[in-house]
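The next block holds one structure in the form of structure tokens; read it before the comments.
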Amino acid sequence: MRLLIVEDEPDIAFGLETALKREGYLVDVALDGLAGEDLAIERAYGVILLDLMLPKKSGREVCRTLRRAGITTPILMLTARDQVDDRVEGLDAGADDYLVKPFAIKELLARIRALGRRESDRRESVLSVGGLTIDTLAHQVQLDGEEVRLTKREFQLLEALARNRGRVLSREVILQRVWNTDDALPNTVSFHMKSLRRKVDPTGVLIHTVHGLGYSLRSPG
Ligand code: CA
């Protein structure tokens, strides 16, 4: 899971980054509200840690902007002890939870896990497009009622496309969501896309290449 830390005190920001990376999370850091907002809009995060008092744009404003933009990523607001009254406003602005600084890393990890879990429960577990049915909990795929066997990557790729059906996913977004990286061999996506298409879309009616943009999964007709 990729996390975003928006925190203007470098010691706290980079201390958290180190601690969270040690737990296996991928972490991005933004040191002001605007930079944080840009990243949150651009990339897919599992949870956003958002300080309340930030230069350029406050945590509360960032939160409100993201919610207005339709971004539902769980937001954990970080507040100083003397701003505890502000936490209510943070929650009103669309944050999911808050933590008062200074906090124990253990507490932070528990909150992140809980928010991540809530998010995955909230998401649909069975997706269908055309003759395809994707059961994301059982990790099973059927095409016109017949089971199709996919590799782990093919499955993740199909799930990412199906969760965004009708929309175009760029190679960059696919690399981030499926491979958790920006840095992969240039042919990685097309290689797996080719084998996925052979298995789930032999007639080429579901997965479309949008030249220069990416890929899109759509119901035929
Ligand atoms: Ca601050």
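Every number here is computed from the coordinates shown, using simple stated rules; none is lab data. As the structure is a computational prediction, the values presented were derived from the model and not from experiment. Every residue, glycine as well, gets a Cβ built from its backbone with ideal geometry; the counts of neighbours run over all protein chains shown.
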Using a/c under 1.5 as the rounded threshold, could you call the stretch 126-221 rounded, prolate or oblate? The axes a ≥ b ≥ c are square roots of the C-alpha gyration tensor eigenvalues, and prolate needs a/b larger than b/c, oblate otherwise. prolate
Residue among 98, 45, 25 with the largest mean-square fluctuation in a Gaussian network model of the chain, springs linking Cα atoms under 10 Å: 25
Magnitude of the charge dipole, the chain, Cβ model with Lys/Arg +1 and Asp/Glu -1, debye to 20: 880 debye
Length gained if residue 149 through residue 85 is fully extended, taking 0.36 nm per residue and subtracting the Cα-Cα distance, is 17.7 nm
So for R0 = 35 Å, FRET eff. of residue 42-residue 140 from the Cβ-Cβ r, to 0.05, ends up at 0.60
Gap in Å between the Cα centre of the stretch 152-221 and the Cα centre of the stretch 58-98? 33 Å
Please find the FRET efficiency linking residue 219 to residue 32, where r is the Cβ-Cβ separation and R0 is fixed at 35 Å, and quote it to the nearest 0.05. 0.25
If you restrict to DSSP beta bridges whose two residues both lie in the chain, what percentage is antiparallel, to the nearest 5? 50 percent
Just name one of 33, 161, 184: the one whose Cα is farthest towards the positive end of the charge dipole of the chain (beta-carbon charges, Lys/Arg +1, Asp/Glu -1). 161
To the nearest 20 Debye, how big is the dipole of the stretch 11-105 about its Cα centre, given +1 on the beta carbon of each Lys and Arg and -1 on that of each Asp and Glu? 120 debye
222 nm [θ] for the chain, helices only, -39500 (n - 2.57) per DSSP H run of 4+, per residue, to 500? -12500 deg cm²/dmol
Over the chain, with a Gaussian network built from C-alpha contacts below 10 Å, which listed residue (113, 22, 43) shows the highest mean-square fluctuation? 22
Please compute the volume of the convex hull spanned by the alpha-carbon atoms of the stretch 17-164 and report it per residue in Å³. 122 Å³
At 7 Å along the Cα-to-beta-carbon direction for both residue 72 and residue 104, put a label point, then send me their distance in nm to one decimal. 3.3 nm
With a Förster distance of 25 angstrom and the Cβ-Cβ distance between residue 180 and residue 92, calculated FRET efficiency to the nearest 0.05 equals 0.15
As a test, work out the antiparallel percent of DSSP beta bridges whose residues both lie in the stretch 1-54, rounded to the nearest 5. 0 percent
Entries of 21/106; 106/152; 21/56 with Cα pairs more than 23 Å apart: 106/152; 21/56
